[in-house]
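Here is the structure we will look at.
The values are calculated or read from the model by the stated rules, or taken from the named source; none is laboratory data. Model, not experiment: these values are computed from the prediction. Using ideal geometry, Cβ is built from the backbone for each residue, glycine included, and neighbour counts are taken over all protein chains shown. To get the accessible areas, we keep the full protein, side chains included, count just its heavy atoms, and leave off ligands, DNA and RNA. Shrake-Rupley method; radii C 1.70, N 1.55, O 1.52, S 1.80 Å.
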Amino acid sequence: GIKILLNKSTDFQVITHKELEDFLLEFDGAWLDYPFGKDFAVYKIRSKNETSKDKMFALIAENSNPVRISLKCDPQLSLNLQTKYESVLPGHHLNKKHWITIICSGQLTEGEIKDLIRLSYRLVNDSK
């Protein structure tokens, strides 16, 4: 028979846009919008009342390879992540103090990215 050898350093799976989207839409009140045109999938939290607007908690650049996701982040954590990982950048087209853009190249694990998504959701939801 044929043996398949796994290289331990590359047995991670780079997260896909679809996997990220499925996870993002599991959050309470989360929905997908395209307010900036078809190039950016924007994930918002539906407002609980008529007077306040739905707020964005994630943005994915369509057809980006590897996937690029922008998330709200604590300013100090944002700086720490940017120092530690070259795949974490200041938020592209966003407030660079409060937003980061992650290039999902495998440098951060799926678990770490999901933790940052949870943080972004919490930061945005608490500010509503």
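Remarks
- Only one of 88, 67 that is closer than 22 Å to residue 15 by Cα, without any contact (Cβ under 8 Å) to a residue 24 or more places away in the chain, open to solvent by less than 80 Å² (accessible area, probe 1.4 Å) and among the aliphatic types (A, V, I, L, M): 88
- Scanning segment 96-128 for residues that are open to solvent by 70 Å² or more (accessible area, probe 1.4 Å), closer than 20 Å to residue 47 by Cβ and in a loop (DSSP other than H, G, I, E, B) yields a count of 1.
- Output for segment 70-85, where each listed residue is assigned to a loop (DSSP other than H, G, I, E, B), open to solvent by less than 50 Å² (accessible area, probe 1.4 Å) and under 23 Å from residue 126 (Cα atoms): 73
- The set of residues from segment 42-69 being part of a loop (DSSP other than H, G, I, E, B) and within 13 Å of residue 113 (Cα to Cα) comprises just one member, 67.
- Residue 31, sole failed condition from (1) in a loop (DSSP other than H, G, I, E, B); (2) more than 20 Å from residue 102 (Cα to Cα): (1)
- From the list 64, 52, the lone residue that is at pLDDT below 95, of a type in the set (S, T, N, Q) and under 18 Å from residue 24 (Cα atoms) is 64.
- Listed conditions (1) touching an Asp or Glu at 6+ places or on another chain (Cβ under 9 Å); (2) over 18 Å from residue 15 (Cβ atoms) are all met by residue 121, apart from (2).
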